[in-house]
Amino acid sequence: MNITDQQTCDQNKHQSLDHYHQRVDLAAAFRWTARLDMHEGVANHFSMAIDNGGTQFLMNPNQMHFSRIKASDLIVVDATDPMTLNRRDAPDPTAWGLHGGLHRHCLHARCAMHVHSTYATVLASLADSRLPPIDQNCATFYNRYVIDNNYAGLAFEEEGQRCAELLQDPQKNLLIMGSHGVMVIGKTIAETFNRMYYFERAAKTYIKALQTGHPLRVMSDEIAEKTARELAAYPEQDARHLGELKAILDAEGCDYAQ
């Protein structure tokens, strides 16, 4: 069998996996998060609901580096199964607490991405963690995030439920987790990754603007809200973003889709 035939055989084998396309998109998101240095070594987690009720979801294996995750590596977790942590392939207990709580109590959060990316975490470390609309990226999140000022330690089950309760408003799709990091939610993997990416960009702009020591140019409430609505309605930008990233990985011969 030549190399091309072997690659075709491998592709066909992996495409038989349940929820293959969601697995591929999630694996690509892991790879690019690592490439952008928005990961935390073998910590942090992404999840994607795969049932109508939203409580069964794909998640990365316990303490596997984002840069190595493949579609076939992702585990299926049931947020309603109390024996989950006794499984041979049990997820990280904090992942179960945070993502399990989110998928149980916040059913509109089909996808959830939690990172300790540098600039989002710097913002979460400030006494005032608000993100003022000083540019277009920052305005994307105007009135669309919640700040958690009550960090209570590692995100085991009780802490996960508390965080989920902060995201009950469907318009709020991002939680700035004080002293912790950021949790981003969305309807699809592409939407959630795109939102996470641009929040990090926005936080970077804000933090660097603060470092100049000069006054900030802050948009009016009216213009910030108008900008946020226009960006939310911008057609297919999230899907095209992730599609281009997958195309780059494919051209490089990356094994993320296996």
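For Lys187, the conditions (1) at pLDDT below 95; (2) of a type in the set (Lys, Arg); (3) in contact with a Lys or Arg (Cβ under 6 Å, 6 or more places away or on another chain) are fulfilled apart from (1). Suppose we filter segment 80-91 for residues that are touching a strand residue (DSSP E or B) at 6+ places or on another chain (Cβ under 7 Å) and assigned to a loop (DSSP other than H, G, I, E, B); how many remain? Qualifying residue count, segment 80-91: 2.
For the criterion of being crowded, with 17+ Cβ neighbours inside 10 Å and not aliphatic (A, V, I, L, M), Lys246 passes. Restricting attention to segment 117-151 and to residues that are part of a helix (DSSP H, G or I) and hydrophobic (A, V, I, L, M, F, W, C), the residue that is nearest to Thr205 (Cα to Cα) turns out to be Cys138. One residue stands out among those in segment 80-100 that are hydrophobic (A, V, I, L, M, F, W, C) and buried (at least 16 other Cβ atoms within 10 Å of the Cβ): the one that is nearest to Tyr151 (Cα to Cα), which is Leu98. Give the residues of segment 144-156 that are within 9 Å of Leu98 (Cβ to Cβ) and surrounded by 17 or more Cβ atoms within 10 Å (Cβ to Cβ), sorted by residue number. If the condition is that a residue be within 9 Å of Leu98 (Cβ to Cβ) and surrounded by 17 or more Cβ atoms within 10 Å (Cβ to Cβ), then Ala155 is the only one that fits. Once segment 157-186 is narrowed to residues that are hydrophobic (A, V, I, L, M, F, W, C) and assigned to a strand (DSSP E or B), the residue that is farthest from Lys204 (Cα to Cα) is Ile185.
Checking each residue in segment 46-79 for being out of contact with any strand residue (DSSP E or B) (no Cβ under 8 Å at 6 or more places or on another chain), touching a residue at least 40 places away in the same chain (Cβ under 8 Å) and assigned to a loop (DSSP other than H, G, I, E, B) picks out Gly53, Gly54, Ile69, Lys70.
The values are calculated or read from the model by the stated rules, or taken from the named source; none is laboratory data. Just so it is clear, the structure is predicted and the values come from calculations on it, not from any experiment. Methodologically, a virtual Cβ is constructed for each residue, glycine included, from the backbone with ideal geometry; neighbour enumeration extends over all protein chains shown.
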